[in-house]
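Below: the structure, in structure tokens.
The values are calculated or read from the model by the stated rules, or taken from the named source; none is laboratory data. Because the structure is a prediction, the values reported are computed rather than measured. Because the Cβ atoms are built from the backbone with ideal geometry, glycine has one as well, and the counts that use them run over all protein chains shown. Accessible surface is based on the protein model in full, side chains and every heavy atom, while ligands, DNA and RNA are left aside. Shrake-Rupley method; radii C 1.70, N 1.55, O 1.52, S 1.80 Å.
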Amino acid sequence: MTLMELLLPAFVASLILTGIHAYLGLHVVERGVIFVDLSLAQIAALGTTVAYLMGHDLHSTTAYVYSFGFTILGAAVFSFSRMHRKTRVPQEAVIGIVYAVSAAVSILVMSKATQETEHLKEMLVGNILSVTWPELFRTAVLYAAIGLFHYIYRDRFLLISMDPDEAERRGWNIRLWDFLFYVSFGFMVTQSVAIAGVLLVFCFLIVPSVTAMLLSERLGPRLAIGWTMSAAVSAAGVAASFALDLPTGATIVATFGLTLLVVAALRRAFRRERAGEGAIEAESARV
Amino acid sequence: MKKLCIALALLTLSGIVPRAEAKVRVISTLQDFASIAQAVGGDKIEVDSLAKGYQDPHFVDAKPSLILKLSKADLLLVAGLELEIGYLPPMLDQSRNAKIHPGNPGYLDLSQGCEVLGRPTGTVTRAMGDVHPFGNPHYWTDPENGRRIARAIAARLAQLDAANAAAYQSGLASFEAKLTDKEKQWASKMTPYAGAKVVTFHDSWPNFAKAFKLEVMGHIEPKPGIPPSPTHTLEIINVIQQNKIKAILVEPYFDQKAPKFIAEKTGAHVVVLYPSVGGTPQITDYLTLFDADTDALVGALGGN
């Protein structure tokens with residue numbers, strides 16, 4: 001076996017993650033629910049843990065059904081919590097509470113289990129190197145289905161994410177669409193966390209869309225920037241993990257952070273220069 | 001009313017006056033030591049353990065019941081070598097039981113007198129990762145160390161409870177006889193596989209490998225909790241393929257995703273090997289622990 005054979009699935013996995021995460025990341029950042037993925041991943045992990053305690057294998061279909069059931073529960077909670085704006089409870093508070101409580105309950109459930117307790121930790125760290133081709137194929141099919149769903153109803157999802165007041169004026173059932181959004185999102189996160197771990201999934205989701213927001217205000221360019229950046233960073237991260245002999249997932253995460261930093265610095269320098277030029281022009285006009 | 005008063009008085013008295021048949025209360029961190037202590041002490045002692053055999057012995061969640069057990073104990077058995085450093089010291093403080101603090105006869109570090117492997121030579125630095133600076137603390141996975149542990153426990157029990165010294169001596173003799181018998185069984189079971197090469201998940205089986213004549217060729221996750229780099233993963237895969245290694249040994253409390261992935265790539269088998277008594281309900285004592293583990297190994301090394 002060569003290094004290429006080992007790294008290729010990891011690289012393809014990050015490309016597959018790129019496709020859907022950069023897009024849904026835009027929604028997540030627009031909605032201001034940054035930690036919703038951590039929260040849904042944690043509640044999905046709780047589902048798997050409960051399935052395990054009931055005597056099902058960790059990586060079995062039944063365990064997946066359990067984790068998806070719990071994710072739907074979480075989606076329901078999040079689609080209702082938006083409506084509580086009048087009480088001025090921010091949605092991030094609800095997201096945080098769901099995270100903390102489901103993490104704690106997972107620990108309680110696991111304290112009754114007898115084996116693979118490390119699995120809890122493992123689920124959140126993930127090891128993108130141990131992804132297999134059949135697993136990648138299943139993931140690609142699932143993401144394609146979610147992507148298609150979001151493409152068909154893109155008008156609804158986009159307007160609700162970007163301008164909920166306008167959506168309300170049009171009399172749409174926001175609660176229903178929010179629920180559908182979080183269910184499909186939870187479906188995706190459950191799968192991607194199993195492959196890549198929470199840290200990496202968070203980066204694939206948030207960093208490209210934040211970077212794109214720095215550079216453009218329009219949706220199309222933002223998507224293009226997000227996808228390009230995500231793919232380039234994956235390639236650079238995988239290469240660096242090979243060259244420097246470092247754990248692959250964590251290296252990609254650090255590369256994401258570094259890239260964002262560089263883009264932000266360049267943007268600032270560029271803006272200053274332009275502002276400087278503008279001032280000179282104004283000066284010369286006065287003269 | 002009178003009867004009740006007398007009953008109460010008796011109850012109070014029984015608490016103050018030590019009963020002749022009071023048992024020595026022994027608490028151990030690992031179920032393995034508890035099992036050996038039970039074999040040695042028989043009905044003269046009462047044994048309990050903090051960590052269950054199915055838990056990772058490096059991490060034990062402090063529960064109120066554990067502190068209560070510590071506060072009542074006469075003798076504490078620990079593995080030492082910093083295995084329990086993550087949870088025991090604070091619990092020991094909270095127990096407010098000076099008898100079982102280090103330095104007192106109620107504290108017995110069983111690593112002393114056992115054969116400990118992997119003692120780093122030279123200075124230990126942070127750069128070496130998660131090394132145990134005093135040596136590998138998984139020494140009880142060698143049955144000969146089990147014998148040494150039994151002797152140490154018998155001697156300490158006799159010191160704490162001199163009246164029953166003879167009972168402890170005979171308990172020890174019968175445990176040693178059974179162990180010797182079993183060791184012959186295990187050795188003959190493992191003879192066909194002497195020198196078999198294996199890979200382990202973490203570096204926790206050097207004593208076991210030495211006792212059962214296995215050769216450990218590498219670890220899947222050299223630093224616990226840190227995913228291995230691609231180069232290391234590839235190295236392990238190549239080592240397994242080149243040496244036609246048939247078994248990857250994993251403790252039951254670790255996630256099997258990475259070992260299964262490597263097994264799939266190489267055709268090796270993932271063998272869940274139990275490091276401690278109580279790892280599964282079938283492993284009821286120190287001797288059945290090695291019955292189960294040698295069975296699992298024979299299954300993997302013997303199959304094609």
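Over the residues of the protein assembly as shown, the helix contribution to mean residue ellipticity at 222 nm works out to -21000 deg cm²/dmol, using -39500 (n - 2.57) for each DSSP H run of at least 4. Using 20 Å as the Cα-Cα cut-off, could you pick out the over-long pairs in B:Lys52/B:Lys213; B:Lys63/B:Lys223; B:Lys44/B:Lys69? Those over the limit are B:Lys52/B:Lys213; B:Lys63/B:Lys223. The mean number of Cβ atoms from other chains found within 10 Å of a Cβ in peptide B:249-262 is 5, as a whole number. With the Kirkwood sum run over all distinct C-alpha pairs, chain B has a hydrodynamic radius of 21.0 Å.
From largest to smallest, what semi-axes in whole angstrom does the protein assembly as shown give when each is the square root of 5 times an eigenvalue of its alpha carbon gyration tensor? Mind showing how you got there, number by number?
Values: eigenvalues 598, 190, 103 Å².
They are 55, 31, 23 Å, listed from largest to smallest.
Dipole of chain B computed with +1 at Lys/Arg Cβ and -1 at Asp/Glu Cβ about the Cα centre; of B:Ala196, B:Pro133, B:Ile153, farthest Cα towards the positive end is B:Ile153.
Pairs of alpha-carbon atoms within less than 8 angstrom and 6+ residues apart define the contacts here; what relative contact order does chain B have, in percent?
Numbers: 470 pairs, mean separation 50.2, N = 304.
Across chain B, relative contact order equals 17 percent.
Here the stretch B:35-192 is assigned +1 on the Cβ of each Lys and Arg and -1 on the Cβ of each Asp and Glu. Its dipole about the Cα centre then comes out at about 140 debye. Basic side chains Lys and Arg get +1 at the Cβ, acidic Asp and Glu get -1 at the Cβ, and with that the dipole of chain B about its Cα centre reaches some 520 debye. Please state the shape class of the stretch B:57-106: rounded when a/c is under 1.5, otherwise prolate if a/b exceeds b/c and oblate if not, all from the C-alpha gyration tensor. Verdict is oblate for the stretch B:57-106. Dividing the convex hull volume of the alpha carbon atoms of the stretch B:161-304 by its residue count gives 127 Å³ per residue. Comparing A:Leu180, A:Leu219, A:Leu40 in a Gaussian network model of chain A where C-alpha atoms under 10 Å apart are linked, the largest mean-square fluctuation is found at A:Leu219.
Averaged over the residues of peptide B:58-65, the number of Cβ atoms from other protein chains lying within 10 Å of each residue's Cβ is 1. Calculated accessible area for the protein assembly as shown comes out at 48 Å² per residue, all protein chains present (probe 1.4 Å; ligands, DNA, RNA ignored).
Between A and B, buried accessible area from a 1.4 angstrom probe totals roughly 2500 Å², ignoring ligands, DNA and RNA. Residue-wise HN-Hα couplings along the stretch A:177-184, as the Karplus relation 6.51 cos²θ - 1.76 cosθ + 1.60 with θ = phi - 60° gives them from phi, are 5, 4, 4, 4, 4, 5, 5, 5 Hz; Gly and Pro carry x. When a/c reaches 1.5 or more, the comparison of a/b and b/c decides; with that in mind, is the stretch A:1-95 rounded, prolate or oblate per its Cα gyration tensor? Because a/c hits 1.5 or more and a/b fails to exceed b/c, the stretch A:1-95 counts as oblate.
Using C-alpha pairs below 8 Å separated by at least 6 residues, the relative contact order for the stretch A:144-234 is 16 percent. Going by a 1.4 Å probe on protein heavy atoms, which residues of the stretch A:1-39 end up with at least 40 Å² less accessible surface in the whole assembly than in their chain alone? Buried by the other chains: A:Met1, A:Leu3, A:Leu6. Placing A:Asp37, B:Asp109, B:Asp295 in order of accessible area, with the largest value first and a 1.4 Å probe, yields B:Asp295, B:Asp109, A:Asp37. Ligands, DNA and RNA aside, B:Lys44 has an accessible area near 60 Å² when probed at 1.4 Å.
Roughly how many debye, to the nearest 20, is the charge dipole of the protein assembly as shown about its Cα centre, given +1 on each Lys and Arg Cβ, -1 on each Asp and Glu Cβ, and no other charges? All intermediate terms of the calculation are to be shown ahead of the outcome.
Details: 52 positive and 52 negative charges, 224 e Å.
Here the protein assembly as shown has a charge dipole of around 1080 debye.
Carbon and sulfur together cover what percent of the accessible area of the stretch B:23-129 at a 1.4 Å probe radius? The value for the stretch B:23-129 is 52 percent carbon and sulfur by accessible area.
Ranked from the most accessible area to the least, with a 1.4 Å probe and all protein chains present, what is the order of A:Ile72, A:Ile160?
The residues order as A:Ile72, A:Ile160, largest area first.
Compared with the alpha-carbon gap, the fully stretched path from B:Leu68 to B:Thr231 is longer by 53.9 nm at 0.36 nm per residue.
Note on exposure: B:Arg151, A:Arg274 ranked by accessible area (1.4 Å probe, complete protein assembly) read A:Arg274, B:Arg151, with the most exposed listed first.
Mean partner shielding of peptide B:230-238, defined as the number of other chain Cβ atoms within 10 Å of each residue Cβ, is 5.
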